[in-house]
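**Student:** To start, I am sharing the structure in question, which I have written as structure tokens.
The values are calculated or read from the model by the stated rules, or taken from the named source; none is laboratory data. Note that the structure is a prediction, hence the values are computed from the model and not measured. Cβ atoms come from the backbone with ideal geometry, glycine included; neighbour counts cover every protein chain shown.
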């Protein structure tokens, strides 16, 4: 997939095609898309663990919240690819107005912040599911917490990279806070064992 390929095509790829696209010489898709998809997979694991937990009155609600987070993260994979492709095109001089680069970089930071937010929320749900799940579902909830924390950290790093010229930006501070939330939730999930 090149920067001029439609980013929406990302979600239509089979898993092996997606992995090949990530490994290709083209710059898109990249780590933001991967983080969104990892976060979505973690959310689906949380939904499965919650649905299979017995004796948990909030199980259906947590499963529904996890599915909603996965649904939120999926299109962010394509949105991140599109935002990153726009920055690359502008840096390559593909458009005539260099003033567009600032807003493009801001968009390239906003999308990963959304990914980090949804992934951190997924980590918190995973920790909750780990408390109630048993057996392999508990292991899946713990794994989901680790995956979602990783997605949060990856997306937060991209926020910082894309805002490198803006010291003390609100979005950088939000990204750091989301990393802390996700890390604490993953720790809670691990303590359940």
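**Student:** Quick check on the range 88-103. Is at least one of its residues without any contact (Cβ under 8 Å) to a residue 24 or more places away in the chain, over 16 Å from residue 50 (Cα atoms) and either buried (at least 19 other Cβ atoms within 10 Å of the Cβ) or under 18 Å from the mean Cα position of the chain (by Cα) (or both)?
**Tutor:** yes
**Student:** Got a number for residues in the range 88-105 being assigned to a helix (DSSP H, G or I) and touching a helix residue (DSSP H, G or I) at 6+ places or on another chain (Cβ under 8 Å)? Talk me through it step by step, then tell me what you get.
**Tutor:** Step one: filter the range 88-105 for residues assigned to a helix (DSSP H, G or I), giving 88-91, 98-105.
Now narrow it down to the ones that are touching a helix residue (DSSP H, G or I) at 6+ places or on another chain (Cβ under 8 Å): 90-91, 98, 100-101, 104-105.
Qualifying residue count for the region: 7.
**Student:** Would you check which residues across the range 13-55 are farther than 28 Å from residue 161 by Cα and part of a helix (DSSP H, G or I) and list them?
**Tutor:** Filtering the range 13-55 down to residues farther than 28 Å from residue 161 by Cα leaves 14, 16, 44-55.
Matches in the range 13-55: 16, 44, 45, 46, 47, 48, 49, 50, 51, 52.
**Student:** How many residues are free of Cβ contacts under 8 Å to residues at least 60 places away in the same chain and more than 26 Å from residue 108 (Cα to Cα) if we restrict to the range 17-57?
**Tutor:** Of the residues in the range 17-57, the ones free of Cβ contacts under 8 Å to residues at least 60 places away in the same chain are 17-26, 29-30, 33, 37, 40, 44, 47, 51, 57.
After this cut, where a residue has to be more than 26 Å from residue 108 (Cα to Cα) as well, the list is 47, 51, 57.
Number of matching residues: 3.
**Student:** Being part of a helix (DSSP H, G or I), crowded, with 16+ Cβ neighbours inside 10 Å and in contact (Cβ under 8 Å) with a residue 60 or more places away in the chain narrows it down to one residue among 85, 121; which is it?
**Tutor:** Details: 121 fails: in contact (Cβ under 8 Å) with a residue 60 or more places away in the chain.
Matching residue, one of 85, 121: 85.
**Student:** Out of 130, 154, 146, I need the residue that is more than 15 Å from residue 70 (Cβ to Cβ), over 15 Å from the mean Cα position of the chain (by Cα) and either at pLDDT 95 or above or crowded, with 24+ Cβ neighbours inside 10 Å (or both). Which one? It would help to see each step written out before you state the result.
**Tutor:** Working: 154 fails: over 15 Å from the mean Cα position of the chain (by Cα); 146 fails: over 15 Å from the mean Cα position of the chain (by Cα).
From the options 130, 154, 146, the qualifying one is 130.
**Student:** Can you work out which of the residues in the range 157-186 that are touching a residue at least 12 places away in the same chain (Cβ under 8 Å) and within 12 Å of residue 124 (Cβ to Cβ) is surrounded by the most Cβ atoms within 10 Å (Cβ to Cβ)?
**Tutor:** 182
**Student:** In a helix (DSSP H, G or I) and either without any contact (Cβ under 8 Å) to a residue 60 or more places away in the chain or crowded, with 24+ Cβ neighbours inside 10 Å (or both): is that true of residue 74 in this structure? Steps first, please.
**Tutor:** Numbers: in a helix (DSSP H, G or I): yes; either without any contact (Cβ under 8 Å) to a residue 60 or more places away in the chain or crowded, with 24+ Cβ neighbours inside 10 Å (or both): no.
Criteria not met by residue 74.
**Student:** Of all residues in the range 57-66, how many are within 16 Å of residue 144 (Cβ to Cβ) and surrounded by fewer than 18 Cβ atoms within 10 Å (Cβ to Cβ)? Spell out how you get there, then give the answer.
**Tutor:** Here is the first cut: in the range 57-66, the residues within 16 Å of residue 144 (Cβ to Cβ) are 59, 62-66.
Keeping just the survivors that are surrounded by fewer than 18 Cβ atoms within 10 Å (Cβ to Cβ) gives 64.
Summing the residues that are within 16 Å of residue 144 (Cβ to Cβ) and surrounded by fewer than 18 Cβ atoms within 10 Å (Cβ to Cβ) in the range 57-66 gives 1.
**Student:** Given 153, 188, 180, which one is part of a helix (DSSP H, G or I) and out of contact with any helix residue (DSSP H, G or I) (no Cβ under 6 Å at 6 or more places or on another chain)? Please lay out each step first, then the result.
**Tutor:** Values: 153 fails: out of contact with any helix residue (DSSP H, G or I) (no Cβ under 6 Å at 6 or more places or on another chain); 188 fails: out of contact with any helix residue (DSSP H, G or I) (no Cβ under 6 Å at 6 or more places or on another chain).
It is 180.
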